[in-house]
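Engineer: Pasting in a structure now, in structure tokens, and then I'll have a few things to ask.
The values are calculated or read from the model by the stated rules, or taken from the named source; none is laboratory data. The structure displayed is predicted, hence computed values, not measured ones. In this analysis, Cβ positions are derived from the backbone assuming ideal geometry, glycine residues included, and neighbour counts consider all displayed protein chains. Only protein heavy atoms, including side chains, enter the accessible area calculation; ligands, DNA and RNA are left aside. Shrake-Rupley method; radii C 1.70, N 1.55, O 1.52, S 1.80 Å.
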Amino acid sequence: MTEYAITADHLRLRPHDSSVYALDDVSLRIPAGAVVGLVGRNGAGKSSLLRCLVGLTEPQHGSAMLLDCPALALDDATRERIGYAPQLPDLFPWMNGYEHLRTIGRAYTRWNEDRALTLAVQLNLPLGIKADKLSGGDQQKLSLVLALAHDPDLLLLDEPMSSLDPLTRRDFMRAMFSAPFRSDTAPGTSRERTIIISSHILSDLERLVSHVAFMRDGRLQVVDSWDAMLEHFRVIPSDSPDVAADAVIHRNKRDAQLLVDTRHAPSWRDAGRALTLDELFMELNT
Amino acid sequence: MIFDIAPTAPTPIYRQIVEQVRRMIASGQLKPGDDLPSVRAVAMHHAINPMTVSKAYSMLETEGLLERLRGVGMAVAGNSGKSTRHDKAAMLRPALETAARTVRQLGFSDAEAQALFQTCLNELTKKERHD
């Protein structure tokens, strides 16, 4: 089993009509089985990063690999193991849900029509209506069903739940981890799914993630396990003594405070309290 | 399910599960031999990452509180029944330390705080009698 499901090396992306880098030297290594929350303000580069990872956008510099295969040259075997849902659902307007499933299902050997139909029912998605007549939320649901139906080993989701109500989001979060037609107790089937998901609904991410990657202005600010952030990241006043430079994750000038990693500043280990994902986001974007 | 999980609380979810199981074993709510809900069941019920539950169960297994029964899942270990007063005190301290900090921040005197705590205990007793 491959050690890293996703690797990115020094990605640089500057759109033609812009003088600003959408991605500015982004490197990333995601271990297999991780669930990574990608968090940042609008325009931080989350979608650009996901598009480069999946091979839809070619960066000016750098490279990305998915499941040990170059993102820009994915072979069929690897492509079948990947599921992607873009921020704006990419559907055929004249086809209904059933037709989408049938058409797209043909491209995948691990396609399971029953799984897809079950998920559609769970999400309350009507499959007989043409895509361009579906509500925004239902289009998003169809996009997600299509991303999951072939039981991918790697899921890349760009704000997949932005139009969904809280109950539907819960159902989808359950579906993200489940494999209803794969026996959980059968030997040798510990095939874990790696997921990278960008979302603004941070309370959802807190239930799901093993890791969080914060982005700002095209750069990764900090990437770590979520448990480590809860246990070690603290906010302290700017003028605090005994703070090594490498302990400082972010300086918040406006409020005169520092976000520190207390593994590198042990004397501050018991200062303050753990921050919620929401609070970390605010801190890192101030 | 038997767990009460608050995903946005500052405590990591796996730690919430670990501490709840410890408390339930200490109080006798969970007895040696009792089955715990499967990782999958807990994850699906709360819509959380199954790895989080798995991590909690593994930690409890390492501590000796849980044991893995083949084909069944996790169960309370045979020798985990007796929790000393000392162990229980260690489990109570964090909640009391948090309360103590709040008392100081709000400027209550020790006597006022203790009186308030006694009121809370009395209210609980009254509620338990009614149930």
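Engineer: Return yes or no: is residue B:69 over 16 Å from the mean Cα position of the chain (by Cα) and more than 10 Å from every other protein chain (Cβ to nearest Cβ)?
Structural biologist: Considered against the rule, which asks whether it is over 16 Å from the mean Cα position of the chain (by Cα) and more than 10 Å from every other protein chain (Cβ to nearest Cβ), residue B:69 comes out as yes.
Engineer: Would you pick out the residues in segment A:212-227 that are open to solvent by 50 Å² or more (accessible area, probe 1.4 Å) and assigned to a strand (DSSP E or B)?
Structural biologist: A:216, A:219, A:221, A:223
Engineer: Sticking with this one: Please state which one of A:275, A:230, A:280 is part of a loop (DSSP other than H, G, I, E, B), under 23 Å from the mean Cα position of the chain (by Cα), within 14 Å of chain B (Cβ to nearest Cβ) and surrounded by 15 or more Cβ atoms within 10 Å (Cβ to Cβ).
Structural biologist: Just one listed residue meets the conditions, A:275.
Engineer: So, one more: For segment A:113-123, check the following and say yes or no: at least one residue is outside any helix (DSSP H, G or I) and either touching a His at 6+ places or on another chain (Cβ under 9 Å) or open to solvent by 30 Å² or more (accessible area, probe 1.4 Å) (or both).
Structural biologist: no
Engineer: Among helices (runs of 4 or more DSSP H) lying entirely in segment B:6-63, which contain 3 or more residues that are in contact (Cβ under 8 Å) with a residue 60 or more places away in the chain and outside the structural domain of residue B:89 (by TED's automatic domain parsing)?
Structural biologist: Working: elements: B:13-27, B:39-46, B:50-63.
Correct list: B:13-27.
Engineer: Do we have any residue at all in segment A:72-84 that's in the same structural domain as residue A:155 (by TED's automatic domain parsing), touching a Ser or Thr at 6+ places or on another chain (Cβ under 8 Å), farther than 18 Å from residue A:154 by Cα and not basic (Lys, Arg)?
Structural biologist: The answer is no, given that none of the residues of segment A:72-84 is in the same structural domain as residue A:155 (by TED's automatic domain parsing), touching a Ser or Thr at 6+ places or on another chain (Cβ under 8 Å), farther than 18 Å from residue A:154 by Cα and not basic (Lys, Arg).
To keep it simple, each residue is scored yes or no on (1) over 24 Å from residue A:165 (Cβ atoms); (2) open to solvent by less than 10 Å² (accessible area, probe 1.4 Å).
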site	(1), (2)
A:88	no, no
A:91	no, no
A:94	yes, no
A:97	no, yes
A:101	no, yes
A:110	yes, no
A:126	no, no
A:136	no, no
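Engineer: I need every pair where a residue in segment A:121-132 that is within 19 Å of residue A:168 (Cα to Cα) has its Cβ under 6 Å from the Cβ of a residue that is crowded, with 17+ Cβ neighbours inside 10 Å and small (Gly, Ala, Ser), sequence separation at least 6 or different chains.
Structural biologist: If the second residue must be crowded, with 17+ Cβ neighbours inside 10 Å and small (Gly, Ala, Ser), the pairs left are A:127/A:97; A:127/A:120.
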